[in-house]
Amino acid sequence: MNSVRFLDLGATYRELKMEIDAAVARTLDSGWYLLGAELRAFEEEYADYIGVKHCIGVGNGLDALHLSLLAMNIGPGDEVIVPSNTYIATWLAVSQCGAIPVPVEPDERTYNIDPNKIERAITPKTKAILPVHLYGQPANMDPILAIAQHNGLRVLEDAAQAHGAKYKNKRVGGFGDAAGWSFYPGKNLGAFGDAGAVTTNDDQIADAVRTLRNYGSRIKYVNEVRGFNSRLDELQAAVLRVKLRHIDAWNTRRTHQAKQYSQALQSMDWQLPYTPKWAEPVWHLYVVRCRNRNNAQQALKEDGVETLIHYPIPPHMQQAYADMYLQPDAFPVAKNMADEVLSLPIGPHFTDEQQEDTITAIMRQLGQQD
């Protein structure tokens, strides 16, 4: 059996080499590399794809969340409800505003924030809810939006892993007041470096993010606020424009692979991904939960299959948040997930042969162990 890499980023370029090379050459030949025609075109095309009025390109996914929160006037002393089970960037965006992340446990089936647990976390200081569409699976937005409306709260979607995912037949990224996107190379829609964007239907939020991303300036050398340098550059925008034309086909490949895994592994004593009827995931990751996860990962490694853990340490247990004095067992669902989750290889250039090899290795190494 040949070794199976978790993700082959080079394959993306090889498939689209002619298109990408032409886009890069066009951009280099233009002599304009920031805040130019490529960015404006990508912003228009991505806004149209998501189904919103505005897309604002920024430097990365963390900045997309951070600048969105600032545009919502969230600052020191405010509280923002976040999932306890997420990548730390979700929390960091809140902290960078001087606000306080307030964790809420996930639904055990979907891994996303449990709407039934949100209201008890709301206090007079709460200003926003920040749900994450984790692993490419949409969060349950209707009850989240209802809670936010009832309590006068903003909603910011963390859509960093959910490019093209749908909730009740509508793409995520347009349900809340705004959404933050990452185009990190490994995402379903990935650049060739760091890149991000904000999508919104709110004209004021869009205007504020555009100003904040460019030193707080709308007119060169006129700085209205203390802004940041967080601009999606022309080369990345040009590459993303090419990839955007292929994302639905690539997501279809991921969906096929997820179905193949779920059919082949149903006899395993693992918790396989659960998809609610209202959700159309894009399978950024295919995540299982299994006992003796570390042993399973090592066994597959010895058989040539690379797996990853998303994520091994929940935010409340990170040293970065030691000053919040949260005990490890304060959020047991997130902690247990961190101890058990395992991400299997998946992606638009993951071949049928590689998937067969992966499934064979799982059954050979682990089928009799669980």
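The values are calculated or read from the model by the stated rules, or taken from the named source; none is laboratory data. Owing to the predicted nature of the structure, the values given are computational and were not obtained by experimental measurement. All Cβ positions, even for glycine, are placed from backbone atoms using ideal geometry, and neighbour counts span all protein chains on display. Ligands, DNA and RNA are stripped out before the accessible areas are found, and what is left, the full protein with its side chains, is counted by its heavy atoms. Shrake-Rupley method; radii C 1.70, N 1.55, O 1.52, S 1.80 Å.
Where Rh denotes the Kirkwood radius from the mean inverse Cα pair distance, what is Rg over Rh for segment 221-370? Checking Rg against Rh, the ratio lands at 1.08. Divide the volume of the convex hull around the Cα atoms of segment 138-189 by the residue count and you get 62 Å³ per residue. Per residue, the accessible area of segment 33-82 comes to 34 Å² when a 1.4 Å probe rolls over the protein heavy atoms.
Viscosity 1.306 mPa s, temperature 10 °C: give me the Stokes-Einstein translational D for the chain in µm²/s, with Rh taken as the Kirkwood radius over C-alpha pairs.
75 µm²/s
Peptides 259-265, 178-184, 235-241 ranked from most to least packed, by the mean per-residue count of other Cβ atoms within 10 Å: 178-184, 235-241, 259-265.
Considering only Asn188, Phe42, Ile88, whose Cα is most displaced toward the positive end of the charge dipole of the chain, charges sitting on Cβ of Lys, Arg (+1) and Asp, Glu (-1)? Farthest towards the positive end: Phe42.
With the helix formula -39500 (n - 2.57) applied to DSSP H stretches of n ≥ 4, the chain reaches a computed 222 nm mean residue ellipticity of -11500 deg cm²/dmol. Protection proxy ranking of 166-177, 289-300, 76-87, by the mean of other Cβ atoms within 10 Å over each peptide's residues and highest first, is 76-87, 166-177, 289-300.
Give me D for segment 279-328 in µm² s⁻¹, whole number, from Stokes-Einstein with Rh from the Kirkwood sum over alpha-carbon pairs, 37 °C and 0.692 mPa s. Rounded, D is 241 µm²/s. Measuring nothing but how far apart in sequence close Cα pairs (under 8 Å, 6+ apart) lie, relative to its length, segment 1-114 scores a relative contact order of 17 percent. The DSSP beta bridges internal to the chain are antiparallel in roughly 60% of cases. For segment 187-198, the Karplus equation 6.51 cos²θ - 1.76 cosθ + 1.60, evaluated at θ = phi - 60°, returns couplings of 6, 4, 10, x, 8, 9, x, 6, 6, x, 7, 10 Hz by residue, with Gly and Pro reported as x. Here, P(r) means the percent of Cα pairs in each 5 Å bin from 0 to the largest distance; for segment 115-257 it is 2, 9, 16, 18, 18, 15, 11, 7, 3, 0, 0. Over the chain, Cα pairs under 8 Å with separation of 6+ residues give a relative contact order of 22 percent. Lys-Lys pairs in segment 216-370 that are eight or more residues apart or on separate chains and whose Cα atoms lie under 25 Å of each other come to 4. When the Gaussian network model of the chain links Cα atoms closer than 10 Å, the mean-square fluctuations of Gly152, Gly227, Gly61 top out at Gly152. Screening the chain for whole DSSP H helices of 24 Å or more along their axis (Cα) with average Kyte-Doolittle hydropathy at least -0.5 returns none. Per residue, segment 119-195 exposes an accessible area of 34 Å² to a 1.4 Å probe, with every protein chain left in place. In terms of the mean number of neighbouring beta-carbon atoms within 10 Å, the peptides 91-99, 129-137, 350-358 order highest first as 129-137, 91-99, 350-358.
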